[in-house]
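Take a look at the structure set out below.
The values are calculated or read from the model by the stated rules, or taken from the named source; none is laboratory data. Remember, it's a predicted structure, so these values are computed and weren't measured experimentally. Reconstructed Cβ throughout: ideal geometry from the backbone, glycine too, with neighbour counts over all protein chains shown.
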Amino acid sequence: MRIPPGTSAADFSAALAQFEKAVGKEWVFTKDEDVDLYRDSYSPFWHEEEERVASAAVAPASVEEVQAAVRIANRYKIPLWTISTGRNLAYGGSAPAMSGSVILDLKRMNKIIEVNDKNHYALVEPGVSYFDLYRYIQENKLKVWIDPPDPGWGGLVGNSLERGGGRTPMRDHFNSVCGMEVVLANGDVLRTGMGALPGSKTWQQYKYGFGPYFDGMFSQSNFGIVTKLGVWLMPEPEAYRDGTVMVQRHDDLVPFVETLAYLMNSDIVRGTMLLESPILNYRATQGGGVLDMPGGPSVAEMDKLAQEKNLPYWGAELHFWGPQSVIDEQWEYTKEKFSAIPGATFKDGRSYKFPLELKETDEAPRVALGIPNLSVFGLIVGAQGHMDFSPIIPMTGEGVFEVLKVFGQAYADLGVAPRNQFFVLPWAFFPRAFVLLFGFPIEHDVEKNRKTREIFKRLVEVAAEHGWGEYRTHTSMMDTVSNVYSYNNHALRRLHETIKDAVDPNGILSPGKSGIWPAHLRKSRA
Ligand code: ADP
């Protein structure tokens, strides 16, 4: 059996016995075959000593059991790694950042406490998955939509705390959070926002309460264990429609993104969009890539190729939700705005009215219609998994050109061809900025994974040199990413760690999460 670092075998077995007393013998897992289930099946260290693996797992069923578990962990200084549904694949799965941590698995806490379709919110426990909430809403015929991520098998608590994204106008999941219940490392339990007022009638309707607003402190962090989360939902719209806008020339991207930003920031185009490039996709099929590699074709040559092949250079599918007359008008207005770009073309897309009965075979954009599914797994072709490199970049055409050039040069400098990545072009998962999601292939091949890690680290550094930083990262890259958020000699990280030492002096909660280490482990920082 693995033992947490710095813990004696005697202390560990005493702690395990106490965990068993607190949560029930059958909910403490120590056998390899059970603990192995918490391995990250997309680990970039597969078959290597450095793979981050747990020593045991504890699965409480209530807030009181979570409180008991942290008190025991504090007594024996046992590191706990909290997961909710544990589906954080591409960013670490259910495995800890520090080997030997005990997984605190909250998936048994799976109550949907309330769904309100008059003020449009839900209050859920950590084990509630997007599928669970979707089913509950369907069964109870409630007039609200969830915003599932791609794929939808994770949970609202884990995904919202990690600041994940979906596709509908509620796509920025952390922005939809309203009110938390949190267990602190000392076993104390608090409620944020209006929840601090006993008997509050508006815990899920008003975020801020009174005084400093703390919810952000519990996202991507190791300062507490969230045991209840309020989430704003979208009222079921009357209708949905989408349409595609395409522009012809390379340089059209500048007015294209400017128009897009205007429409998005005016709440006319809503939800997530992905920038597409039919000509770059064509080139990729001919052995070229989407990145702008040194020595590659010039802009004039690419414009000529696009013309010859009759393929637009840039485009995007845009989405509209709301009353039919409003979304029809929004699409008309969108076309009018983009028509200022000479040669812009438009195509009407799909259209749905709600409530909707979908056939299994229907090609509907399910995630954009608030329906969780797993079809995104079809993308991971030819690899066992992927690890996502996800920098936030400016929502400008010039910004995208710079990204394609800088990362092209970085690959050339590393002497490797960009391979097997998806989504090299940006998404608008969040308001106001683009995000890239380079899915680096993870294989059961030590040498290939070693190279992938090296490229990943280099891209983090190159991105930082150009003012771009990751919105989220794999557990094995948390120090790497935290190291580049270094303004004023790491003033923000120093604040994180001052708070860490104050609220968790024994450093028992998720050491290493987001590069935040407790005092006694700070030297472990990579
Ligand atoms: P999901 O299955 O929804 O994708 P996970 O349960 O894997 O999400 O959680 C993702 C990450 O979020 C975890 O690795 C952990 O760092 C953090 N996290 C998850 N649940 C909690 C929680 N209840 N309190 C605090 N942090 C959490």
**Item:** Residue ranges of strands (runs of 3 or more DSSP E) in the stretch 286-390 with at least 3 members among the hydroxyl-bearing types (Ser, Thr, Tyr)
**Value:** 345-353
**Fill in**
Note on residue 265: of the conditions (1) farther than 20 Å from residue 343 by Cβ; (2) modelled with pLDDT under 95, unmet is (2)
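Could you please let me know if residue 337 is over 30 Å from residue 354 (Cβ atoms) and basic (Lys, Arg)? Walk me through how you get there before you give the answer.
On the way: over 30 Å from residue 354 (Cβ atoms): no; basic (Lys, Arg): yes.
No: the conditions fail for residue 337.
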**Message:** Can you find, within the stretch 129-161, the residue that is farthest from the ligand (Cβ to nearest atom) among those that are of a type in the set (Val, Ile, Thr) and under 17 Å from the mean Cα position of the chain (by Cα)?
**Reply:** 146
**Item:** So residue 257, is it in a strand (DSSP E or B) and either within 30 Å of residue 342 (Cα to Cα) or within 16 Å of the ligand (Cβ to nearest atom) (or both)
**Value:** no
**Item:** Residues within the stretch 51-75 that are closer than 19 Å to residue 111 by Cβ, in contact with a Ser or Thr (Cβ under 7 Å, 6 or more places away or on another chain) and crowded, with 24+ Cβ neighbours inside 10 Å, tallied
**Value:** 1
**Message:** Checking residue 109 against (1) buried (at least 17 other Cβ atoms within 10 Å of the Cβ); (2) more than 21 Å from the chain's Cα centre (by Cα); (3) within 30 Å of residue 504 (Cβ to Cβ); (4) away from the ligand (no atom under 11 Å from the Cβ): exactly one of these is not met. Which one?
**Reply:** (4)
**Message:** Cβ-Cβ under 9 Å, sequence separation 6+ or interchain: first residue in the stretch 154-181 and touching a residue at least 24 places away in the same chain (Cβ under 8 Å) and assigned to a strand (DSSP E or B), partner aromatic (Phe, Trp, Tyr) and within 12 Å of the ligand (Cβ to nearest atom). Which pairs?
**Reply:** 155/130; 180/218
**Request:** Name, by its number, the condition in (1) over 26 Å from residue 452 (Cα atoms); (2) not in a helix (DSSP H, G or I); (3) not hydroxyl-bearing (Ser, Thr, Tyr) that does not hold for residue 135.
**Result:** (2)
**Of all residues making up the stretch 309-335, the number that are out of contact with any Pro (no Cβ under 9 Å at 6 or more places or on another chain), surrounded by fewer than 17 Cβ atoms within 10 Å (Cβ to Cβ) and either among the aromatic types (Phe, Trp, Tyr) or more than 30 Å from residue 286 (Cα to Cα) (or both)** = 8
**Fill in**
Picked from the stretch 503-526 (must be charged (D, E, K, R) and more than 13 Å from residue 78 (Cβ to Cβ)), the residue farthest from the ligand (Cβ to nearest atom) is 523
**Asked** Among (1) out of contact with any Cys (no Cβ under 8 Å at 6 or more places or on another chain); (2) more than 16 Å from the ligand (Cβ to nearest atom); (3) part of a loop (DSSP other than H, G, I, E, B); (4) over 17 Å from residue 315 (Cα atoms), which single condition is residue 206 missing?
**Response** (1)
**Fill in**
Here the residues within the stretch 451-463 that are within 19 Å of residue 47 (Cα to Cα) and free of Cβ contacts under 8 Å to residues at least 60 places away in the same chain are 451, 454
**Asked** In the stretch 112-128, how many residues are more than 7 Å from the ligand (Cβ to nearest atom) and part of a loop (DSSP other than H, G, I, E, B)?
**Response** 7
**Message:** Tell me whether the stretch 226-249 contains one or more residues that are in contact with a Lys or Arg (Cβ under 8 Å, 6 or more places away or on another chain), away from the ligand (no atom under 16 Å from the Cβ) and either modelled with pLDDT under 95 or in a loop (DSSP other than H, G, I, E, B) (or both).
**Reply:** yes
**Request:** State all residues of the stretch 109-127 that are among the basic types (Lys, Arg) and touching a residue at least 12 places away in the same chain (Cβ under 8 Å); if no residue qualifies, say none.
**Result:** 111
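Given the residues 221, 200, which is the only one that is within 16 Å of the ligand (Cβ to nearest atom) and not in a strand (DSSP E or B)?
221
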**Prompt:** Restricting the first residue to the stretch 226-242 and requiring it to be over 12 Å from residue 168 (Cα atoms), which pairs with a second residue that is within 16 Å of the ligand (Cβ to nearest atom) and of a type in the set (Phe, Trp, Tyr) meet a Cβ separation below 9 Å and a spacing of at least six or different chains?
**Reply:** 226/218
**Request:** For residue 92, work out the one condition from (1) away from the ligand (no atom under 13 Å from the Cβ); (2) at positive phi; (3) in contact with a helix residue (DSSP H, G or I) (Cβ under 6 Å, 6 or more places away or on another chain) it doesn't fulfil.
**Result:** (1)
**Asked** Consider residue 353 against the criteria (1) buried (at least 18 other Cβ atoms within 10 Å of the Cβ); (2) at pLDDT 95 or above: it satisfies all of them except one. Which criterion is unmet?
**Response** (1)
**Prompt:** residue 104 fails exactly one of the following numbered conditions: (1) out of contact with any Ser or Thr (no Cβ under 9 Å at 6 or more places or on another chain); (2) within 14 Å of the ligand (Cβ to nearest atom); (3) not in a loop (DSSP other than H, G, I, E, B). What is the number of that condition?
**Reply:** (1)
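Answer with yes or no whether residue 187 is within 16 Å of the ligand (Cβ to nearest atom) and either buried (at least 23 other Cβ atoms within 10 Å of the Cβ) or part of a strand (DSSP E or B) (or both).
When the stated conditions are applied, residue 187 does not pass them.
Restricting to the stretch 53-85, count the residues that are assigned to a loop (DSSP other than H, G, I, E, B) and either in contact (Cβ under 8 Å) with a residue 60 or more places away in the chain or within 13 Å of the ligand (Cβ to nearest atom) (or both). Break it down stepwise before answering.
So the first thing to find is which residues in the stretch 53-85 are assigned to a loop (DSSP other than H, G, I, E, B), and the list is 53-55, 59-62, 77-79, 84-85.
Going one step further and asking which of them are either in contact (Cβ under 8 Å) with a residue 60 or more places away in the chain or within 13 Å of the ligand (Cβ to nearest atom) (or both), we end up with 54, 59-60, 77-79, 84-85.
The number of residues fulfilling the criteria is 8.
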